[in-house]
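Participant: First the structure, which I've put down as structure tokens, then a few questions once you've had a look.
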Amino acid sequence: MKLIKCPTPEAVAQQAAQFVIERINAKPAAVLGLPTGGTPLGMYAELAKAVREKRVDMRDITTFNLDEYCGLPPGDPQSYDVFMRSNFYMPCGLNPPQSHIPNGNAADPDAEALAYDAAIRAAGGIDLQVLGIGHNGHIGFNEPGTPPDSRTQAVQLTDKTRQANARFFSTIDDVPTRAITMGIGTILEAREILLLVNGADKAEILAATLRGPVTPDNPASFLQNHPCVTVIADAAAMP
Ligand code: F6R
């Protein structure tokens, strides 16, 4: 894995945006896999700025988000669909046919998951998958114990993940218990992966991801098996 250490989260955001811009400029019809959460927010703001300044043209890209909660009403402010609309699709001028996110309210979540993997394949596969990481090593919502060949599927969220994400909800009881997530196998099929990590609270799991055993106990450790991974982390996460 290639490691890039930045002094601050703001520098991580700039480096990450530059990384994505270079890939899109090299391949204007690039297929991107994208995360939500706190970590990529700065990168999305930098990308929106780059679109406004005409340093990148996103008209021909296609995007697939990693995951979506199950059971939130359509338009719920905590849904990842609304997150992506507010922070990326609208500021970067993406139109609905370009951007994909699992439907967390699908009547048949298993069929939705199968169709999502098929749509990724039909788009030619993911050129660049951007990831964050959970404190327990989850990537997407692939919690510890998930096998490396898992496909997009409906999953149960762990208490640790629900507690970490409770900061976005009024109470922990409002945090959904299930989600649809790309599988680890789906993620590892991306031709290139960019992992973003900020904060001292992620230092331990990042060290385990880079140097620890490759094990389902830390789903992110499977990234060690991918031939083209870049990690951009701030100094607190990569001391
Ligand atoms: C979000 C996702 C998650 C987050 C992870 C880190 O789409 O797939 O794996 O990347 O939970 O979240 P933050 O960035 O909020 O610390």
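The values are calculated or read from the model by the stated rules, or taken from the named source; none is laboratory data. Quick caveat, the model's predicted, so the values are computed rather than measured. Heads up, the Cβs are rebuilt from the backbone with ideal geometry, glycines too, and the neighbour counts pull from every protein chain shown. Protein only, heavy atoms only, side chains kept; ligands, DNA and RNA dropped before computing areas. Shrake-Rupley method; radii C 1.70, N 1.55, O 1.52, S 1.80 Å.
Participant: Considering just Cα atoms, how many Å³ per residue does the convex hull of the range 158-223 enclose?
Facilitator: It is 116 Å³ per residue.
Participant: May I pose another question? If a helix is a whole DSSP H run, which ones in the chain reach 24 Å or further along their own axis (Cα) and hold a mean Kyte-Doolittle hydropathy of at least 0.5?
Facilitator: Answer set is empty.
Participant: Whole-Hz Karplus ³J(HN,Hα) for the range 60-70, in order, using 6.51 cos²θ - 1.76 cosθ + 1.60 and θ = phi - 60°, x for Gly and Pro?
Facilitator: Values, residue by residue: 9, 6, 10, 10, 10, 7, 5, 6, 8, 5, 8 Hz.
Participant: Further, regarding this structure: If you find the alpha carbon centre of the range 168-190 and of the range 61-132, how far apart are they in angstrom?
Facilitator: Cα centres, the range 168-190 to the range 61-132: 12 Å.
Participant: A follow-up question, please. Students often check this: by mean Cβ neighbours within 10 Å, which of 135-141, 122-128 ranks highest, and how do the rest follow? Don't skip to the answer; put the middle values down first.
Facilitator: Numbers: 135-141: 23.3, 122-128: 17.0.
Averaged packing, sorted descending, gives the order 135-141, 122-128.
Participant: Hey, what's the range 124-239 come to in accessible area per residue, 1.4 Å probe, Å²?
Facilitator: That works out to 38 Å² per residue.
Participant: How big, in percent, is the set of alpha carbon pairs in the range 193-234 lying more than 14 Å apart?
Facilitator: 43 percent
Participant: Still on this structure, please answer the following. Could you tell me whether the range 85-239 comes out rounded, prolate or oblate from its Cα gyration tensor? Rule is a ≥ b ≥ c as square roots of the eigenvalues, rounded for a/c under 1.5, then prolate if a/b exceeds b/c, otherwise oblate.
Facilitator: On the way: a/c = 1.37, a/b = 1.20, b/c = 1.14.
It comes out rounded by the Cα gyration axes.
Participant: Summing +1 for each Lys or Arg and -1 for each Asp or Glu, what net charge is found among the other residues whose Cβ lies under 12 Å from the Cβ of F169?
Facilitator: Taking every other residue near F169 into account, the sum is -1.
Participant: Using θ = phi - 60° and the Karplus form 6.51 cos²θ - 1.76 cosθ + 1.60, what ³J(HN,Hα) does each residue of the range 169-178 get, whole Hz, x for Gly and Pro?
Facilitator: For the range 169-178, the Karplus curve yields 10, 5, 9, 4, 5, 7, 6, x, 9, 10 Hz.
Participant: In the Gaussian network model of the chain, springs joining C-alpha atoms below 10 Å, which of Q163, Q14, Q129 carries the largest mean-square fluctuation?
Facilitator: Per the Cα network of the chain with a 10 Å cutoff, Q163 tops the list.
Participant: Check G140: other-chain or 5+ apart residues with amide H under 5 Å from its amide H, H built from backbone geometry?
Facilitator: Residues meeting the amide H criterion: G132.
Participant: Give me the extension gain from T171 to A11: residue separation times 0.36 nm, minus the current Cα-Cα distance, reported in nm with one decimal.
Facilitator: Working: separation 160, 0.36 × 160 = 57.60 nm, distance 3.22 nm.
Gain on extension, T171 to A11, equals 54.4 nm.
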